[in-house]
Structure formats: C-alpha cells, structure tokens
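Read through the structure below, which is laid out as structure tokens, and then see the notes.
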Amino acid sequence: MKIIHTADLHFDSKLETNLDPVKAKERKRELLNTFERMIEYAKVNDVSVIIIAGDMFDKPRISIKTKEFVLNLINLNPEIDFLYALGNHDEDSFVSSIDSIPNNLHIFENKWKTLNYKDCDITGINYNETTEKYLYDTLYLNKERANIVVMHGPLGSKGSGINVNALRGKGINYLALGHIHKFQKGSIDSEGVFVYPGCPEGRGFDEIGPKGFVLLDVNGGIVNSEFIPFSKRELHEIEIDITGIDSFTEIRKNVNLKTNSIPDKDMVKIKLVGNYEISLIKQNELLNEYLNDCYYFAKVSDESKLAINPKDYEKDISLKGEFIRTVLQSNLSPEEKNDVIEYGIKALMKEEI
C-alpha cells in the first residue's frame, strides 16, 4: 500500500514579500497546481491515501475559488482517500464551509480517529491546546498492525508542543507531522519514526532548498518512507564572500560560478558577506537587475562590512579622510563606527544607502 504524506501547503498565501503582484498571483496558482500534480503522481504510482498533516490553507478566510478548486480535485479522484488534520493556520473555516463533505475526504477531530486499511491503520487528531491535555493518555493502537499517526504541531514537551517521548511504546511506526517547513526525520523509539515532509513549495527565502512530499510504502507490517522532491521552483540562498575583491566584475564572476547549476526557473537570493575595501564599488542594483534577467526572481542582500585601517587616514586631507577620522575619534562603539563610515562613504560616492 502506498501513501503520500504532505503538509503545510498554505493555499491563499499572499506571497508579496518578495514578488510583484503579477508573480505573486502566478505563484499562488502554482501552489495549487503542485497539489494537482501531486494527485496525478498518486494516480500514476498507485497511491491509495494522501495524508495532509495540517495547514492546507494559510489563513482562516479562504477564497471561494481556492475552496472549490480543492474540493473538485478531491471529488474527481474518488479512488484516493484524503486524510486531513487541521493545523494552526487552518482553524475550521474550510470544514465548516463545505455543504457536503466528499466520501473520500476524512477530517480528523478533537479526539483520536482511526481509519482501517488492508495494510495499516491510520490514526489522527487535531492537535491544539485542548487536545494536548489528553491526547497522550487516550491514544490506543493495535500493536499487531502497522500504525501511522497524524498530527500538526512543533516538537516540544507536554504543554509546549508534540512530546515524542510521551509517544514511545505506543506502537507507532510512522508519525506523520506538519508545521515545520523543511523535511525532518527522527526516531520515536526502536519501532517508529516521526517525519515532517516540509512544505511542497518554498514561499520565501526562509524556505530554501528542495521541497516535496514523503512517499510511504507499507508492506508486511513494515513502513518504508522516501522524500520525493517535487516543487515547481526551488529557492536558493548563496553566500558570496567579497573579501579581497576589487571590482563589480569580479563579484559577478563569483556569483556566476556559484549559481551556474541553478535552473533559470528557480528563485535566488545572493548574500554578500565578508570585509571589502573602501575602493570597491559594489553596484548591488546592477547585480540585482542582472540576476533577475537570469532567474524567475532574484534579490541581493548585502551583509558585507567595510574594512577600515585608521592608519591609512591619519594624514589624508580629503573630505573622505576628515570624515573617517572624525568618526574613528568619536565615542561610538566599534560596530557603530563601522556602520556610520560605511553609510557615509556610500553617500560620498553616491551609492545607494
């Protein structure tokens, strides 16, 4: 028996932190399209169940178009069971707005609910402040069966997150979790593991790296799992150390060397780090324009620091030298002096501040 474990789809996310309105709208559609592609993958690969471990939606208020799109996909695929545990972003707006729940959509509640399949039992609960108080003491599983348990929440201790230690010895083979947006896997005990599949699509540069879902294969009481990269686009963050670099051309050369294997459909954030000389003109705007011609979206984050040797300016009679000496002789902290000098030099050189 094959099962897909996904979570944190966050449909109806605004996605406007980095993207302009046109691309934000396109990415919103791509989140939905990835879910549709996942269902097509399930059909081709004989997947019987899709577990959605919370946060299918990004906010309580759901657009009618999104709700109807999701419901239509579920209704059009009656051969697949969709098992849905509510997440902290979901509340119950989707559930309460459905006039007729499809027969193949099974929604977990505030008490444990088990669905029995030929090769395994799948048991789930909506994790929240109320259920957290009793869920560990009320979970009873048939240990002669393969057991998959579904919840949404962060790892923690009792009262502050899902307590994996309290689930030891319960007979769990696979704990299907949601909430963490990066793939994560760990042990519960000698028999079971907990897994966060991560989000299927990265939405911002706090969600970099491969995104997808987990494919489970249950056979003879054994639950095997494999992470399947599946996102339409991947987000990348690349550090470029500009220490010792003396021109924009060299910066761009280093960027190209580190990004030449990234597909042009992806999204890239370049983070400049290191200590640069005062003579370097970085031209971050030009670098940003260049990268946006190469990728679906790109941005430049400048975290580099200006390298200043006070002795170099002891006898400098220029405006720049006078400015640097004045700042170095002030009562500012070393970090504040560096920042003031950097912004001042940028202003003198008519760079963007």
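Nothing in this text is a laboratory measurement; each read-out follows from the coordinates by a stated rule. It should be emphasised that the depicted structure is a prediction, and the values quoted were computed from it without experimental measurement. Cβ coordinates were reconstructed from backbone atoms using ideal geometry, including for glycine residues, and neighbour counts include every protein chain displayed.
Compute the acute angle (0 to 90°) between the alpha-carbon long axis of helix 21-44 and the principal axis of greatest extent of the alpha-carbon atoms of the chain; round to the nearest 10°.
40
Using only Cα atoms, find the angle between the long axis of helix 64-75 and the longest principal axis of the chain, and express it within 0 to 90 degrees, rounded to the nearest 10.
Orientation of helix 64-75: about 50 degrees from the principal axis.
Round to a whole angstrom and tell me the spacing of the C-alpha centers of the range 96-159 and the range 202-277.
34
Could you list log10 I(q)/I(0) for the range 1-98 at q = 0.14 Å⁻¹, which the Debye formula gives when each Cα is one point scatterer?
Reported log10 I(q)/I(0), two decimals: -0.53.
Based on the Cβ-Cβ distance of D302 and S330, what FRET efficiency does E = 1/(1 + (r/R0)^6) give at R0 = 25 Å, to the nearest 0.05?
With R0 = 25 Å, the Cβ-Cβ based efficiency is 0.55.
For n ≥ 4 DSSP H runs only, could you compute -39500 (n - 2.57) per run for the chain, divide by its residues and tell me the 222 nm figure to the nearest 500?
Estimated from H runs of four or more residues: -8000 deg cm²/dmol.
Enumerate the calculated ³J(HN,Hα) couplings along the range 336-344 in order (Karplus 6.51 cos²θ - 1.76 cosθ + 1.60, θ = phi - 60°), each rounded to whole Hz, writing x wherever the residue is Gly or Pro.
Karplus values, whole Hz, x for Gly and Pro: 5, 4, 4, 5, 5, 5, 4, 5, x.
What full-extension length gain, to one decimal in nm, is calculated for L115 and N128 as 0.36 nm per residue of separation minus the Cα-Cα distance?
2.6 nm
Going out from 0 in 5 Å bins, what whole percent of all Cα-Cα distances in the range 72-118 drops into each bin?
5, 17, 28, 27, 17, 6, 1
Where in the range 1-37 does the label zone of K271 land, with the point 7 angstrom along Cα→C-beta and an amide N cut-off under 20 Å?
From the range 1-37, the list is 17-19.
If I model a spin label as a point 7 Å beyond the Cα along the Cα-Cβ vector, how far apart are those points for Y290 and N33 in nm?
3.0
With Rg and the Kirkwood Rh both taken from Cα atoms, where does Rg over Rh land for the range 259-311?
1.10
Any chance you could list the semi-axes, whole Å, largest first, of the equivalent ellipsoid that the Cα gyration tensor gives for the range 162-226, using √(5λ)?
Here the semi-axes work out to 24, 15, 7 Å.
In degrees between 0 and 90, to the nearest 10, how far off the longest principal axis of the chain does helix 319-328 point, with axes built from Cα atoms?
60
So if I restrict to the alpha-carbon atoms in the range 235-348, what is the Rg, and what is Dmax, the biggest pairwise distance, in Å?
Every Cα atom of the range 235-348 included, Rg and Dmax give 16.4, 52 Å.
Largest first and in whole Å, give the semi-axes of the range 228-280's equivalent ellipsoid, each being the square root of 5 times a Cα gyration tensor eigenvalue.
Over the Cα atoms of the range 228-280, the semi-axes work out to 28, 11, 7 Å.
Could you work out the relative contact order of the chain, using alpha carbon pairs under 8 angstrom and six or more residues apart, expressed as a whole percent?
Worked out over the chain, it gives 13 percent.
Below 8 Å between Cα atoms, with a sequence gap of 6+, how large is the relative contact order for the range 235-348 in percent?
Reported relative contact order: 24 percent.
May I have the extent of the alpha carbons of the range 100-216 along their three principal axes, as whole Å values ordered from largest to smallest?
41, 36, 29
Going by how many other Cβ atoms sit within 10 Å of their own, how do M151, M1 line up, fewest first?
The order, fewest Cβ neighbours first, is M1, M151.
Just subtract the alpha-carbon distance of E68 and R168 from 0.36 nm times their residue separation and send over the number in nm, one decimal.
Once the chain is fully extended between E68 and R168, it gains 32.0 nm.
Convex hull volume of the Cα atoms in the chain, per residue, in Å³?
178
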